[in-house]
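The values are calculated or read from the model by the stated rules, or taken from the named source; none is laboratory data. Note that the structure is predicted; figures quoted are calculated from it, not measured. Cβ: placed from backbone, ideal geometry, glycine included. Neighbour counts: every protein chain shown.
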Protein chains: 2
Amino acid sequence: MPVRPDLAQRMARIAPFEVMEVLDAARRLEAAGRDIIHLEVGEPDFPTPEPVIDAARQALATRPMFYTSAVGMPELREAIAGWYAASFGVTVPMERIVVTAGSSAALLMALGALVNPGERVLMSDPGYPCNRNFVRFLDAEPVLVPSGPADGYQLTAALARGAWGVGVRAAIAASPSNPTGTCLDPTEWAALAAVCRARDGVLIADEIYQGLVYDRPPETVLSIADDVWVVNSFSKYFQMTGWRLGWLVVPDGCTREIEKVAQNLYISAPTPAQHAALAALAPEGLAVLEARRAELGARRDVLLAELPKIGFAVRARPQGAFYIYCDVSEFTDDSFRFVEWLLETTGVALTPGRDFGDAAPEQHLRIAYTQPVDRLREAVARIGLALEGLPSRA
Amino acid sequence: MPVRPDLAQRMARIAPFEVMEVLDAARRLEAAGRDIIHLEVGEPDFPTPEPVIDAARQALATRPMFYTSAVGMPELREAIAGWYAASFGVTVPMERIVVTAGSSAALLMALGALVNPGERVLMSDPGYPCNRNFVRFLDAEPVLVPSGPADGYQLTAALARGAWGVGVRAAIAASPSNPTGTCLDPTEWAALAAVCRARDGVLIADEIYQGLVYDRPPETVLSIADDVWVVNSFSKYFQMTGWRLGWLVVPDGCTREIEKVAQNLYISAPTPAQHAALAALAPEGLAVLEARRAELGARRDVLLAELPKIGFAVRARPQGAFYIYCDVSEFTDDSFRFVEWLLETTGVALTPGRDFGDAAPEQHLRIAYTQPVDRLREAVARIGLALEGLPSRA
């Protein structure tokens, strides 16, 4: 789509999500009566946990829904600090925690505070599509660093060292990662932070899928470094997607600067969501979330067992989030058309690789295990049947 | 406050709000037992209307709080279009309406879509402080155009024509305005739009206080031009401040571009707020809001009658919003210190002029009539008493 000539130049560099076209096509088929299995959008099928809903309803009945402080309600910042202590044994003073309008706001403010126009930001390819578009919105330049199975599809310290060049100001890494579900372990985080530090650069850690890991306990980079900018969210583990709430942990001495940006760009994060989030961090809320984590882990295990049988190759073990990144090069060299074909043929909606980068997008697609196990099994069965009928590579 | 040298250069150009220091000082006095009359923050004392609260509680009990479309729930976009038709007799197709995370998001997306780094944006001085900081966040340049009583403290067509120069890309005007409460009438809007159009520039209209006018029915620039970008909000007239919901009306053909930015920067506006806002636009909600508008009008009238008696000069009649911009040059040439002194002496908290621009900030302060009439009368009485005791100019 050509950009209108009267719009700012950055608009030509910001791409819409390919997955939205898949979603639109899926909805058209659904409207026509087809049974569609939605595995394309990064949002689980679970509703917001009951204790969180109850807390919001209670707050609406009893508390005014005025603006809060630009950095968030003190009791919520304190609760997040308490959650870091209880969950990870790490001390994160509430003064370093800024409650934000989703992790989207956290990421924009972090990049806005750190990166000048024309400067560069390293990130792994494949990776979360918005990361590069946040950077472009600020007229800075994303540097997509191709990463493969050997790197766990991550921006490793070695890759960052190799890609660092003139004008690089920061690096973004996510653990677990979207679209691959792979993690950076503490040693790798430490090495990556050291690479950034040695180059007077800043590491931005995306921990929005932090609580959703299945092979080991959750971890935070804050256990090993306190000069990292950490983005987190109530959307994924805490399953409050539509509420638009997240947070940013900044190094000592940076809160006032971020507060200034928050005042101007957001005023404050949504008040109903802040009240609700208090319940997500309380024992009753966490109990629901842990049960759902177990369910998501079971879904992952089913897919990891079934996908190889239909020729969808998983090259690096996904340890978290709710995504599996599949190598489908056996079937296609145009994953967008392949995803379209799968949707039409099988009614299963997936995300083509193009949304996640430029390195090998046509050989990959992402499956979001955001449906119950029986639906996942059915999706795999439908796809398997369709692929059996293929004469050769699509 | 000097910016940290490791932060982006734009951070040095973005100032925190002076009013926050007043607010902090007011809270300290309050904690020490003083009775403080808060007239400093741009948020009325009314809670969210009951029908809106009820709708939100109902939605929480019955609807999933998932992400919505990046441009908003279709039924809310349709309701806003219907509200334009019913309230102003103007046809605004829902396709041109983008529901946003507060008018803050609307303004950032509009500026982001329109203005390149280094380009300039005209705005009136005095004006809403965030406007210039949004522009600076995008590494563009705000041009503060001094406007006085003769211009209604507005960016008139004549002022815009005079200030237009190399690199000017857009102009922002607000009606009613913060901090002055003054309006642009349709003739003036049309003239300003024509000035922008003739220079291949874009007019951004801030209508977030639109419904709050007291001398005449509300108006919209959309009645006279469809190439204007219009920012609106559920915070002020609709009194849903903490919910963080607003909208942006874009010219024909721009929605897909803004959708792209919304997907990347916000994902979607808060879902609970979108459900709640439907009730704000329904007859029961509007009835509450109209009663409150009458109450705010009565408050304005009391202050307009009382302020001249204590020497606070109101140089242009405020017709809307909930602000009165006072010339206090009779008492001070340092309005920040004057506001501090008033707070300590009288317990009345006001906003110093510095937040609103560079033109004549030290001679002005803003009163927000966000308290009931008896409290406003008491505030004026306390201030009057203190000023009587003044030997001469502070």
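Remarks
- The residues in segment B:13-29 that are without any contact (Cβ under 8 Å) to a residue 24 or more places away in the chain and either at the interface with chain A (Cβ under 10 Å from one of its Cβ atoms) or within 30 Å of B:Ala294 (Cα to Cα) (or both) can be counted, and the count is 3.
- Within segment A:323-337, considering residues that are surrounded by fewer than 24 Cβ atoms within 10 Å (Cβ to Cβ) and among the hydroxyl-bearing types (Ser, Thr, Tyr), the one farthest from A:Leu387 (Cα to Cα): A:Ser329
- Looking only at residues in segment A:107-120 that are more than 7 Å from every other protein chain (Cβ to nearest Cβ) and under 24 Å from A:Val71 (Cβ atoms), the one that is surrounded by the most Cβ atoms within 10 Å (Cβ to Cβ) is A:Ala110.
- For beta carbons closer than 7 Å, sequence separation of 6+ or different chains, a first residue in segment A:150-172 that is farther than 22 Å from A:His364 by Cβ and free of Cβ contacts under 8 Å to residues at least 60 places away in the same chain and a second that is charged (D, E, K, R) and in a helix (DSSP H, G or I), the qualifying pairs are A:Ala157/A:Glu188.
- The set of residues in segment B:329-350 being of a type outside the set (Gly, Ala, Ser) and either assigned to a helix (DSSP H, G or I) or within 21 Å of the chain's Cα centre (by Cα) (or both) consists of B:Phe336, B:Arg337, B:Phe338, B:Val339, B:Glu340, B:Trp341, B:Leu342, B:Leu343, B:Glu344, B:Thr345, B:Thr346, B:Leu350.
- Selection status of B:Lys309, within 14 Å of chain A (Cβ to nearest Cβ) and surrounded by fewer than 23 Cβ atoms within 10 Å (Cβ to Cβ): no
- Output for segment A:364-384, where each listed residue is within 16 Å of A:Thr332 (Cβ to Cβ) and touching a strand residue (DSSP E or B) at 6+ places or on another chain (Cβ under 8 Å): A:His364, A:Leu365, A:Arg366, A:Ile367, A:Ile383
- Among residues of segment B:372-390 that are over 17 Å from B:Phe322 (Cβ atoms), those with a Cβ under 8 angstrom from a residue that is part of a helix (DSSP H, G or I) and of a type in the set (D, E, K, R), sequence gap 6+ or separate chain, pair up as B:Gly384/B:Lys309.
- Test: residue in segment B:143-163 that is under 17 Å from the mean Cα position of the chain (by Cα) and within 14 Å of another protein chain (Cβ to nearest Cβ): no
- Condition check for B:Glu340: modelled with pLDDT of 95 or more, surrounded by fewer than 24 Cβ atoms within 10 Å (Cβ to Cβ), at negative phi and not hydroxyl-bearing (Ser, Thr, Tyr): yes
- Any chance B:Arg96 is among the charged types (D, E, K, R) and in the same structural domain as B:Ala368 (by TED's automatic domain parsing): no
- Out of B:Ala56, B:Ala81, one residue alone is touching a Lys or Arg at 6+ places or on another chain (Cβ under 9 Å) and more than 13 Å from every other protein chain (Cβ to nearest Cβ). It is B:Ala81.
- Segment A:249-272, residues that are more than 8 Å from chain B (Cβ to nearest Cβ), crowded, with 24+ Cβ neighbours inside 10 Å and either assigned to a helix (DSSP H, G or I) or on the phi > 0 side of the Ramachandran plot (or both): A:Ile258, A:Ala262
- From the list B:Leu303, B:Leu281, the one residue that fits, being crowded, with 22+ Cβ neighbours inside 10 Å, more than 14 Å from every other protein chain (Cβ to nearest Cβ) and either at pLDDT 95 or above or at positive phi (or both), is B:Leu303.
- Here A:Val41 does not qualify as among the β-branched types (Val, Ile, Thr) and more than 10 Å from chain B (Cβ to nearest Cβ).
- Test for B:Leu304: is it part of a helix (DSSP H, G or I) and under 22 Å from B:Ser147 (Cβ atoms): yes
- Output for segment A:351-394, where each listed residue is over 24 Å from the mean Cα position of the chain (by Cα), basic (Lys, Arg) and either assigned by TED's automatic domain parsing to the domain that holds A:Leu304 or buried (at least 16 other Cβ atoms within 10 Å of the Cβ) (or both): A:Arg377, A:Arg382
- Applying the criterion of at least 1 residues that are in contact with a Pro (Cβ under 8 Å, 6 or more places away or on another chain) and closer than 30 Å to A:Gln239 by Cβ to the helices (runs of 4 or more DSSP H) found wholly in segment B:7-122 leaves B:50-62.
- The residue of segment B:35-86 that is surrounded by the most Cβ atoms within 10 Å (Cβ to Cβ), among those that are of a type in the set (Val, Ile, Thr) and within 19 Å of B:Glu259 (Cβ to Cβ), is B:Val71.
- Output for segment A:123-141, where each listed residue is at the interface with another protein chain (Cβ under 8 Å from one of its Cβ atoms) and either assigned to a helix (DSSP H, G or I) or under 21 Å from the mean Cα position of the chain (by Cα) (or both): A:Pro129, A:Cys130, A:Asn133, A:Phe134, A:Phe137, A:Leu138
- Scanning segment A:221-248 for residues that are buried (at least 24 other Cβ atoms within 10 Å of the Cβ), away from chain B (no Cβ under 14 Å) and among the hydroxyl-bearing types (Ser, Thr, Tyr) yields a single hit, A:Tyr237.
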